[in-house]
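See below for the structure under consideration.
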Amino acid sequence: MFRAATSNSALSLTEAQAAPSFDSEEQNNIAVYKRVSPSVVNITSKAVKFNFFYGQVPEEGQGSGFILDKAGHVLTNFHVIADANRIVVKLSNKHDYTATIVGSDRVHDLALLQINAPNLEPVTLSNSSDLVVGQKVYAIGNPFGLNGTMTRGIISSIRSIHGPEGAPIEDAIQTDAAINPGNSGGPLLNSRGEVIGINTLIASNGADQSSGIGFAIPINTAKAVLDDLTRYGRVRRPSLGIVSLAIGPDIADQMGLPDVSGVLVQKVVPGGAAERAGLHGGNQQAYLGNQPIMMGGDLIVAIDDHEVQDTSDIATVMERHQPGDQITVTFYRGRKKMTARLTLSEGREVVT
C-alpha cells in the first residue's frame, strides 16, 4: 500500500506586479497584426466534380485573401477559387458572405472577388519595386484553416519563378516567413503593415508544408492586373504574334542557320506584330523526332538587350511590356543577322 507524501511547507509563487511590457520589436509585431488582421479574409471555394461512376462529389478548398476597398473588392490567388461554383468569404468578425468573381488572371495566379458587406477595412498597398533582401516581412492568413495566423521572417531573395500555370512571375518575393496551405492569396507585409506581395507558392519538396522557402507575387504585378481588369474587364497581354519553337545550336546548324540557340518562328499570326514587321514563318514541313515542325522561318536570338534562347525568355520580356509598346527583335534569316522594330499587339497566348 502506498501513501502520497505530504509537506507542511506553503507553496510560494512569484508574480509580476504590473502588466507585461513589450520590447520595440514585439510592439511592432502587435501593431502590424492589429492594423491588418481585420482586412484579411478566409476564402472557402466549393465545387462539384464527378467520380469514375459519374457521381457528383463535392469538393472544398480553403485559402486567404485581403480587402482592397470599402466597396468589397477582395484579392486572392486564382488557384484558390479555380473551378469553384460557390465562393464564401469569412471576415475577421466571423461573418460569411457569398462572393462573385469580378475577373481573374490564370497566368499571374490572381483573382478579384467582390462581396457586399458593411464597415470593411481595406489594406494599404505598398510599392514592391524597391524591396531589398534582408528586410523584415509578415504573412497573415489561414494556414490549414487556422484563421488569423501571423508569421514573420525576412525577404530571402528577389527572383523570377514559374507560377502554377508555368508562366514566369518576375521579381517574385522569396521569404522564410512560414507559409503553408491555406496561406495562398493572403498578404505579405512590410514592417509598416503595407502589402508588398500576395503569398502564392511554397517549395515543399513534396511535403506540402513550409520548408522555409515561400514565394509571393509582387504587389506591383497585381496592380497592373487590377488596372486591366477594372478598365477592360480582362488582362491585356502583349504578343509577338508568332507560333514558335526553341531550338539549340545543333538543330539550327542542320537547318542552315548559325549554330546558336534561339526561337524559331514556325508561323506568323495574320495581322500580328511579327507579320506587320516583316518576319517570316516556316515554309517547309519537317519532323524533329516525332514532332512536325516548319523549317525556313526566322530564328529570334534577342529582344532589345535581352538574349533569347527559349520561349520563357520571350515570356520574361513580355511581362515588362504592354500592347502597343515597341521593341527591337534581332533574328537570323538563313545566316544573315537582321533586326526589326515591332509594335506589340494584344494576344491571348501566354508566351508569344
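The values are calculated or read from the model by the stated rules, or taken from the named source; none is laboratory data. Bear in mind the structure is a predicted one, so any value in this text is a computation, not a measurement. When we count neighbours, we look across all protein chains shown, and the Cβ atoms used for this are built from the backbone with ideal geometry, even at glycine.
The table that follows gives values for the structure above.
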{"read-out": "So Arg320, is it farther than 18 Å from Arg234 by Cβ, modelled with pLDDT under 95 and either in contact with an Asp or Glu (Cβ under 8 Å, 6 or more places away or on another chain) or of a type in the set (D, E, K, R) (or both)", "value": "yes"}
{"read-out": "Of residues in the range 138-161 being in contact (Cβ under 8 Å) with a residue 60 or more places away in the chain and assigned to a strand (DSSP E or B), the one nearest to the chain's Cα centre (by Cα)", "value": "Ser160"}
{"read-out": "Top-ranked residue in the range 207-235 [being assigned to a helix (DSSP H, G or I) and either among the charged types (D, E, K, R) or touching a Phe, Trp or Tyr at 6+ places or on another chain (Cβ under 9 Å) (or both); ranked as modelled with the lowest pLDDT]", "value": "Arg231"}
{"read-out": "Output for the range 87-146, where each listed residue is farther than 17 Å from Gly186 by Cβ and of a type in the set (A, V, I, L, M)", "value": "Ile101, Val102, Val107, Ala117, Leu131, Val132, Val133"}
{"read-out": "Some residue of the range 70-86 being part of a strand (DSSP E or B), more than 21 Å from Pro181 (Cα to Cα) and in contact with a Leu (Cβ under 7 Å, 6 or more places away or on another chain)", "value": "yes"}
{"read-out": "Some residue of the range 250-264 being under 29 Å from the mean Cα position of the chain (by Cα), under 25 Å from Arg159 (Cβ atoms) and either assigned by TED's automatic domain parsing to the domain that holds Glu194 or hydroxyl-bearing (Ser, Thr, Tyr) (or both)", "value": "yes"}
{"read-out": "Qualifying residue in the range 96-115 (condition: at pLDDT 95 or above, part of a loop (DSSP other than H, G, I, E, B) and crowded, with 17+ Cβ neighbours inside 10 Å)", "value": "yes"}
{"read-out": "Qualifying residues in the range 29-49 (those that are touching an Asp or Glu at 6+ places or on another chain (Cβ under 8 Å) and charged (D, E, K, R)) - the one farthest from Lys90 (Cα to Cα)", "value": "Lys49"}
{"read-out": "Flag for Leu279 being surrounded by 13 or more Cβ atoms within 10 Å (Cβ to Cβ) and under 30 Å from Gln322 (Cβ atoms)", "value": "yes"}
{"read-out": "Yes/no for Ala315 being assigned to a helix (DSSP H, G or I), of a type outside the set (D, E, K, R) and at pLDDT 90 or above", "value": "no"}
{"read-out": "Filter result (over 16 Å from Pro187 (Cα atoms) and either assigned by TED's automatic domain parsing to the domain that holds Ser92 or out of contact with any Leu (no Cβ under 7 Å at 6 or more places or on another chain) (or both)) within the range 147-160", "value": "Ser156, Ser157, Arg159, Ser160"}
{"read-out": "Conditions (1) touching a residue at least 40 places away in the same chain (Cβ under 8 Å); (2) assigned by TED's automatic domain parsing to the domain that holds Ile155: number failed by Ala203", "value": "(1)"}
{"read-out": "Identity of the residue in the range 323-352, of a type in the set (D, E, K, R) and assigned to a strand (DSSP E or B), that ends up modelled with the lowest pLDDT", "value": "Glu346"}
{"read-out": "Test: Ala178 is among the small types (Gly, Ala, Ser), surrounded by 13 or more Cβ atoms within 10 Å (Cβ to Cβ) and assigned to a strand (DSSP E or B)", "value": "no"}
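Residue-wise test of (1) outside the structural domain of Asn220 (by TED's automatic domain parsing); (2) over 23 Å from the mean Cα position of the chain (by Cα); (3) under 21 Å from Ala252 (Cβ atoms).
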residue	(1), (2), (3)
Val301	yes, yes, yes
Glu307	yes, yes, yes
Ile314	yes, no, yes
Met318	yes, no, no
Gln322	yes, no, no
Ile327	yes, yes, no
Tyr332	yes, yes, yes
Lys337	yes, yes, yes
Arg341	yes, yes, no
